[in-house]
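The values are calculated or read from the model by the stated rules, or taken from the named source; none is laboratory data. This is a predicted model, so every value here is computed, not measured. Glycine also receives a Cβ, built like all others from the backbone with ideal geometry; neighbour counts cover every protein chain displayed. Side chains are part of the model used for accessible areas, which takes the heavy atoms of the whole protein and leaves out ligands, DNA and RNA. Shrake-Rupley method; radii C 1.70, N 1.55, O 1.52, S 1.80 Å.
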Amino acid sequence: MVLSSCSLTWISPSFSPKLNLPHSNYLPRNTEISSSNNTAFCALETIPSEESHCQRRPLLLGIGALTANLQLTNLVFAKEKPDRYQAFVDYEDGYSYVYPREWKEFDFLAHDSAFKDKVLQLQNVRVRFIPTEKKDVRDLGPMEEVVYYLVKHRYAAPNQRPTINGMEERTIDGKHYYTFEYILTSPNYASGSFATIAIGNGRYYTLIVGANERRWKRVRDELKVVAESFRLLDI
């Protein structure tokens, strides 16, 4: 779906800080990667005619903040957009990512946002954050130690055997991200997941996207796009 225009019809003190918009490969400039193997109302006109909906949450913004938000949106969606992915942009909580276009939003306990496959509900993405005094994900420690601790002691249940398949650190616009792939295996069930963690805005963010292990090889590359699309926004 091609985004043809975004028209500003009225400057209002109410602005929608959470947006669901069509999106493509979401990789800004200035990206470095290292790896380890182990409502101002925004009317969106589209072709063909479909509607993108902005969730409305009251937020008082000055003209400068409003302009900055709109400029960021224009930069993010400047390129041609295929139909495969949709973008979730949360200006209020300071993050964004993309997810498969056919997924739907749902409530996931203790998470700020979540989307899942309409049929395969265990195939989903969710984001949460907690307060922190740390300034950067590197403040948590070396990537290998951080990832091992999280997967073994935070993500895996006592009856699950964790396997880490790989990890990488990415630097985008001066912000650092750890992204890693892992499998959790229990006697009756196994799942594959990617996680991306980052720190900014006084928050420790975690995005996890995963699927049943039986489907993992089929959907792995698609879900990796989701994990690597996570971005921090300054708030």
Look through segment 93-113, keep the residues that are closer than 20 Å to PRO131 by Cβ and of a type in the set (A, V, I, L, M, F, W, C), and return whichever of them is most open to solvent (accessible area, probe 1.4 Å). LEU109
Taking segment 225-235, which residues are touching a Pro at 6+ places or on another chain (Cβ under 8 Å) and either β-branched (Val, Ile, Thr) or farther than 30 Å from GLU133 by Cα (or both)? VAL226
Residue tally, condition crowded, with 19+ Cβ neighbours inside 10 Å and under 28 Å from LYS135 (Cβ atoms), over segment 207-224: 3
Going residue by residue through segment 75-90, is there one that turns out to be at pLDDT below 50 and outside any loop (DSSP other than H, G, I, E, B)? yes
